[in-house]
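This report refers to the structure that appears directly beneath it.
The values are calculated or read from the model by the stated rules, or taken from the named source; none is laboratory data. Computed from a prediction, not measured in an experiment: that's the story for all the values here. Glycine gets a Cβ as well: all are built from the backbone with ideal geometry, and neighbour counts include every protein chain shown.
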Amino acid sequence: MDIANRLDLSMKAAGFKDQTQLARASGVNASTINRILSARIKAVSAEHAAKLAAACKVDVNWLILGHSDPNQTDTYSAMLINSQEREIIQQYRSLSKQGREIIFASLQSRLRDEIR
């Protein structure tokens, strides 16, 4: 996966519908973003990479190189969930152990009902 693919994935995961939205949020010119996404730019400046990564809420090392600092959270996995799913996870984690067990049991029951 190259930077064009990672930026495209990052944009979508962050909820940007198009390059113009990302340009507004990042401060990087839309034509530059277009050239990155179409792979006409292979080497992205550190300034642009930092701005794009911040706007997409991904690790800049992952965006540029495809790997993150081992001390960072799993950026790729985090991108695969949308903001609503992220909120559900945060709320779930804030529950007591008993609350998490109740939610988990309810979810399992609901999933069994859906399968039937």
Exercise for review: For ILE64, state whether it is on the phi < 0 side of the Ramachandran plot and assigned to a helix (DSSP H, G or I).
Suggested key: yes
Check your understanding: If ARG24 satisfies every condition in (1) farther than 30 Å from ILE103 by Cα; (2) of a type in the set (D, E, K, R); (3) at pLDDT below 95 but one, which is the exception?
Key -> (3)
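Evaluate the following for LYS51: is it closer than 17 Å to ALA14 by Cβ, basic (Lys, Arg) and at pLDDT 90 or above? Even if it seems obvious, please write down each step before you answer.
Numbers: closer than 17 Å to ALA14 by Cβ: yes; basic (Lys, Arg): yes; at pLDDT 90 or above: yes.
Spelling it out, LYS51 is indeed closer than 17 Å to ALA14 by Cβ, basic (Lys, Arg) and at pLDDT 90 or above.
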